[in-house]
Structures are given as structure tokens and as C-alpha cells.
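What follows is a set of notes on a single structure, which appears directly below.
What follows draws every value from the coordinates through simple rules; no lab data is involved. The structure presented is a predicted model; accordingly, all values stated were derived computationally and were not measured. Please note: Cβ atoms are built from the backbone with ideal geometry, for glycine as well, and neighbour counts cover all protein chains shown.
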Amino acid sequence: MARIAVVTGAAGGLGQAITARLLADGLVVLGIDIDRAGLDRMAAPGFHPVVTDLTDPAAIAATFARIGQDHGGIDALVNNAGTCFMSDFPHIPADELDRQMALNFSGAFHCCQAAIALMAGREGVRKIVNISSNGAYNFDVFDPPHYRASKAALDTLTKDLARRYARDRIAVNSIAPAMTETPLFNVLTEDVLARAIAAMPHGHAMQPAEIAAWVGFLVSAAGDICSGNVIILNQGRDVR
Ligand SMILES: NC(=O)c1ccc[n+]([C@@H]2O[C@H](COP(=O)([O-])OP(=O)(O)OC[C@H]3O[C@@H](n4cnc5c(N)ncnc54)[C@H](O)[C@@H]3O)[C@@H](O)[C@H]2O)c1
């Protein structure tokens, strides 16, 4: 029987690449996004689009209840949905801080709550991969503080769940990429984008498929013995 993976933010740049990787690896993928048209463009054997607003905890609960009924459980969850709001400190409106945390942290938190219940009794080591950001660790680049904090909170959740569910054989890791070429680049001005790419040691941004390969590795049997880690992918830009 094919393993079942849930990928959030599936219609985005990284989400599409992660979905393609997991489908190629033989998993059934349930792709959650708020972008219905984007999901519709991803039609492929084994892919199931699920339109849900991940800032709505009740909608998340209903979506996962339906997944449980329709698919019987979950083997892997990739919390990838996220964005970067660019107001800078101290001029960050209260509602922007709330929206940043709601999508990047709380949405992933609620997905973990619901998914872990659906992982019970499944075969093998089940996987959660949280897509964090190098911005939570490199304070010399442009990322605003509410974005950094949302990803740092996500990484603390990673470590808590990894420890909490180790004996239940649920492995939980974060992947924290630096500059990866996706539509998220559009939040940056040309000048900021050019400087950030120039700082990448290979002279170019990373590609979504390169990040997706690491997600695929963690979700595969090779990833069974890795849990509680934040894996930074940045071409060696800021080794500390
Ligand atoms: N691109 C980068 O350089 C980079 C670097 C570090 C971390 N990341 C992280 O990677 C993840 C994916 O980002 P991306 O670059 O693919 O961006 P993206 O903007 O291409 O994709 C984000 C996806 O999330 C979806 N989404 C937004 N709000 C939603 C909501 N309320 N409910 C459901 N879905 C919603 C969007 O529709 C979109 O499909 C994010 O968590 C981001 O923080 C990206």
C-alpha cells in the first residue's frame, strides 16, 4: 500500500517541487493550499488537492478529519506553507505580526496536532518535516524579526515533538533553506534580491528541487534515524 503524505502550501514554488519528489518516490500526496487554481494545475496520478485556509484552526481540524476518513491515516506531513511579510521593526502592524505567526507557526502547529493522531498505528517510522528558514539563524541578511521568530518557534516545535514522539517512531525535523528561487522572491525589492543572491557562495539561488530532494530523503527509509534536527541548506553561506 502506498504511504500517504500531506504537503501544505503544495501549490507554491517549494510545495510543487516537494509534491513532485514524493509522488516520484511512490507516495500518495494530499496537497493542501488556499490557492484552488494552483492546486488544479497540479493534477497527476496519486495527487489529491485539498483547499484549506491554514490560518483557520477549525478548517484544519475538518480537513484532517476528512483525510482520516478517506485515506485511513497519514505517514508523512510536510509543513511547508508559509510566507514572509516584509514590514520592518519597529514599524510592524499588530495584525501583520499575527498573520505571520498564524501561517508560519500556528498553522503548522495545528497540522501537527491533527496529523500525529492520524499517524497512530501506521507501519514504520512516520515523518514530520517542517520547512523553516535560514533567516532564523543568520542575522546579517534581510529577514524581518517576525519572520525569523515564526521560524524559530517552528524549530522549537520540531525539537519538542521529536523528543516527545521518539518512542512512537515519529521522526520530526526542520529543513531551513536560504535563498531558493520561488514566487516568494516577489516580496523582495530588486536591490535586496540581487544582494541576497550575490551572497550565495555558488553565485546563484538554490532551486526548489534541491530542497525537495532533502525532504524526500528524510521521508524515505534513509531518514528513519534522524529526528530533532534543524538542517540548514545554504551552500555554506554562513557557517557558524
Ligand atoms: N523561497 C525561499 O527562498 C525560502 C527560504 C527559506 C524558507 N522558505 C520557506 O519555504 C516555504 C515555502 O515557500 P515558497 O518559497 O515555496 O513560497 P510560495 O509563496 O511560492 O508558496 C507558499 C504557498 O503557501 C500557500 N499559502 C499561503 N497562505 C496560505 C493559507 N492561509 N492557507 C493555505 N495555504 C497558504 C500559498 O498559496 C503558496 O502556494 C515557506 O514556509 C517559506 O517560509 C522559503
- Item | Flag for ALA2 being more than 14 Å from the ligand (Cβ to nearest atom), within 29 Å of VAL187 (Cα to Cα) and of a type in the set (A, V, I, L, M) | no
- Determine whether VAL215 is in contact with a helix residue (DSSP H, G or I) (Cβ under 7 Å, 6 or more places away or on another chain) and of a type in the set (A, V, I, L, M). yes
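Whether any residue in the range 172-180 is part of a helix (DSSP H, G or I) and touching a residue at least 12 places away in the same chain (Cβ under 8 Å) is what I want to check.
As a first pass, look at the range 172-180 and keep what is part of a helix (DSSP H, G or I): none.
Among the residues of the range 172-180, not one is part of a helix (DSSP H, G or I) and touching a residue at least 12 places away in the same chain (Cβ under 8 Å), which makes the answer no.
Residues checked against (1) surrounded by 16 or more Cβ atoms within 10 Å (Cβ to Cβ); (2) farther than 15 Å from LEU77 by Cα; (3) not hydroxyl-bearing (Ser, Thr, Tyr):
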site	(1), (2), (3)
PRO177	yes, yes, yes
THR182	yes, yes, no
ALA209	no, yes, yes
VAL230	yes, yes, yes
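What helices (runs of 4 or more DSSP H), lying completely within the range 46-148, carry at least 3 residues that are more than 9 Å from the ligand (Cβ to nearest atom) and crowded, with 20+ Cβ neighbours inside 10 Å?
Numbers: elements: 57-71, 94-101, 107-119.
It comes to 57-71, 107-119.
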- Identify the residue in the range 18-39 that is surrounded by 24 or more Cβ atoms within 10 Å (Cβ to Cβ) and near the ligand (Cβ under 10 Å from one of its atoms) and, among all such residues, is farthest from ILE67 (Cα to Cα). ILE18
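Out of ARG21, ARG3, which single residue is touching a helix residue (DSSP H, G or I) at 6+ places or on another chain (Cβ under 6 Å) and under 19 Å from ASN173 (Cα atoms)? Outline the logic, then answer.
Numbers: ARG3 fails: touching a helix residue (DSSP H, G or I) at 6+ places or on another chain (Cβ under 6 Å).
ARG21 is the lone residue from the list that is touching a helix residue (DSSP H, G or I) at 6+ places or on another chain (Cβ under 6 Å) and under 19 Å from ASN173 (Cα atoms).
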- Qualifying position, being in a helix (DSSP H, G or I), within 13 Å of the chain's Cα centre (by Cα) and within 13 Å of the ligand (Cβ to nearest atom), among LEU184, LEU154, LEU193: LEU154
- Query: Based on what the data block shows, is ARG163 over 13 Å from the mean Cα position of the chain (by Cα) and within 16 Å of the ligand (Cβ to nearest atom)?
  - Reply: no
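One line per residue, one yes/no per condition, for (1) over 30 Å from VAL125 (Cβ atoms); (2) touching a Gly at 6+ places or on another chain (Cβ under 7 Å); (3) touching a residue at least 24 places away in the same chain (Cβ under 8 Å):
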{"position": "ALA153", "(1), (2), (3)": "no, no, yes"}
{"position": "LYS159", "(1), (2), (3)": "no, yes, yes"}
{"position": "ARG163", "(1), (2), (3)": "no, yes, yes"}
{"position": "PRO183", "(1), (2), (3)": "yes, yes, yes"}
{"position": "THR189", "(1), (2), (3)": "yes, no, no"}
{"position": "GLU210", "(1), (2), (3)": "no, no, yes"}
{"position": "PHE217", "(1), (2), (3)": "no, yes, no"}
{"position": "CYS226", "(1), (2), (3)": "no, no, yes"}
{"position": "ILE232", "(1), (2), (3)": "no, no, yes"}
